1. Working from Cα positions, state the angle (0 to 90°, nearest 10) between the long axis of helix 31-45 and the longest principal axis of the chain.
2. Kindly provide the chymotrypsin sites (Phe, Trp or Tyr not before Pro) of segment 136-242 that DSSP labels as loop, not H, G, I, E or B, and whose Cβ sees at most 14 other Cβ atoms within 10 Å.
3. Please list 3J(HN,Hα) in residue order for segment 47-64, calculated via the Karplus relation 6.51 cos²θ - 1.76 cosθ + 1.60 where θ = phi - 60°; whole Hz, with x for glycine and proline.
4. Residues of segment 208-226 with the amide nitrogen closer than 12 Å to a label point 7 Å from the Cα of residue 332, along Cα-to-Cβ, please.
5. Under a Cβ-Cβ cut-off of 15 Å, what is the net charge of the residues other than residue 133 that fall near it, where Lys and Arg count +1 and Asp and Glu count -1?
6. Counting only protein heavy atoms, what percent of the accessible surface of the chain is carbon or sulfur at a 1.4 Å probe?
7. Where a ≥ b ≥ c are the square roots of the eigenvalues of the C-alpha gyration tensor, would you call segment 230-285 rounded, which needs a/c under 1.5, or, failing that, prolate if a/b is larger than b/c, or oblate?
8. May I have the pair-distance distribution P(r) for the chain, computed from all Cα-Cα distances with 10 Å bins from 0 and rounded to whole percent?
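The values are calculated or read from the model by the stated rules, or taken from the named source; none is laboratory data. Just so it is clear, the structure is predicted and the values come from calculations on it, not from any experiment. When we count neighbours, we look across all protein chains shown, and the Cβ atoms used for this are built from the backbone with ideal geometry, even at glycine. Each accessible area value is taken on the protein alone, full model and side chains, heavy atoms only, with ligands, DNA and RNA left out. Shrake-Rupley method; radii C 1.70, N 1.55, O 1.52, S 1.80 Å.
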Amino acid sequence: MPDLPAESSCAAQTPDRLTWDIFCRVIDNYGDLGVCLRLARDLAGRGAQVRLWSDDLSPLSWMQPTPVEGLACLPWADSARAAPGDVVVETFGCDLPEAFIAAMAARAVKPAWINLEYLSAESYVERSHGLKSPQFSGPGAGLEKRFFYPGFNERTGGLLREPGLIEAIDGHDGAAWLADRGWAPAAGERVLSLFAYPHAPLASFLEALGPGWLLLLCPGAPQQELPPLLRTGQRAIALPHVSQAAYDRLLWSCDLNLVRGEDSFVRAQWAGRPMLWQIYFQDDGAHGPKLEAFLARSMAEAPAPLRAHWHALSLAWNGLVPWHSQAALALRDLTTAAPHARAWRAELAALPDLTARLQAFAGLSGGA
Ligand code: TRH
């Protein structure tokens, strides 16, 4: 993509014609880049011109192996020589390069500067969404940064959901898709995907799961740790890294999805199948209340026994309580978990999606 015109006007354009710069620093794993790629691709799909700047583009070789029209993925360092677009998205407090901030401040019409934060169901999100941070000093003096918080209700920035997603999921033939890849379950077998961090309590999980399962293991420590722990009537296949599009289809094809971090967690909710979330561990323990807030929100309308069992299972899967019999009960019978997952998805799908809200937020045309 050629350099964007330095003087293009934010106010004069409709939101879907804005030019966007998204900045991403990879802290660890794949989630930060995964979220940024989803957003960038969704914006490009809606007609925006997007540049995704990252200090590590290497996971894109499998996450997004084919080019996307309207999207350029570029090394972070090259941004020093670029003219800023109409909207600049600083993701997860990644601190923009000073030279780029100075170029933003030098524009006749200042870009919209938005900090996209991590997703949480905690109540601080509603209080913080849309807050402003005027810049009084430094290279960005005169600019205003605004905070955009994803979330699970209309008082937040919502969740990424590209147009047509639910229809694509409902039209997906999971059995055929798995069979095409050699990952089909045998007759009578159920199938789950597992994407997990190294500290997952795999042995307890397998014992609780019982027989009759095919486990599709995404790349990561469980590919080595889990196979020796398999019990009678369980088998596993180690998967390679696949594209985000294929990973989505994997989630749509399974009876149960074990996901982690942020992006796979959101995508599993769209899949509308029972889902177990391994939250990103934080040394200060902040992940505990964050998990509790999500469970309270997502299980609020669930039948009481399911709510209790899934709560116990989720805490145990995350090592927040010892594994116990209630956790096992939740896994043995998914007959109430499955309709609840669909009901929760329907609740979320009734809300405006994150990209539409971000476009409105950036273009100042429709508020947050
Ligand atoms: O990789 P994650 O654990 O990511 C993160 C990071 O740790 C980050 O620092 C932290 O801030 C965040 O979690 C909360 O999990 P996540 O978010 O699910 O990201 C994985 C991405 O990789 C997601 O976009 C899906 C994608 N993916 C594929 O495209 N193909 C695959 O085969 C797999 C397994 C994942």
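1. 60 degrees
2. On the way: sites: 136, 147, 148, 152, 177, 183, 195, 205, 213; in loops: 136, 152, 183, 195.
Those that pass, being in a loop and sparsely packed, are 136.
3. x, 7, 9, 10, 10, 9, 9, 9, 7, 8, 9, 4, x, 5, 4, 10, 5, 9
4. Of the residues in segment 208-226, 208-211 have backbone N under 12 Å from the label point off residue 332.
5. Values: positive: 110, 127, 132, 145, 146; negative: 90, 95, 117, 144.
Around residue 133, the charge tally is +1.
6. Working: 8350 of 14960 Å².
About 56 percent, which is the carbon plus sulfur part of the accessible surface.
7. Numbers: a/c = 1.66, a/b = 1.21, b/c = 1.37.
Because a/c hits 1.5 or more and a/b fails to exceed b/c, segment 230-285 counts as oblate.
8. Going out from 0 Å in 10 Å bins, the chain shows 5, 24, 32, 23, 12, 4, 0 percent.
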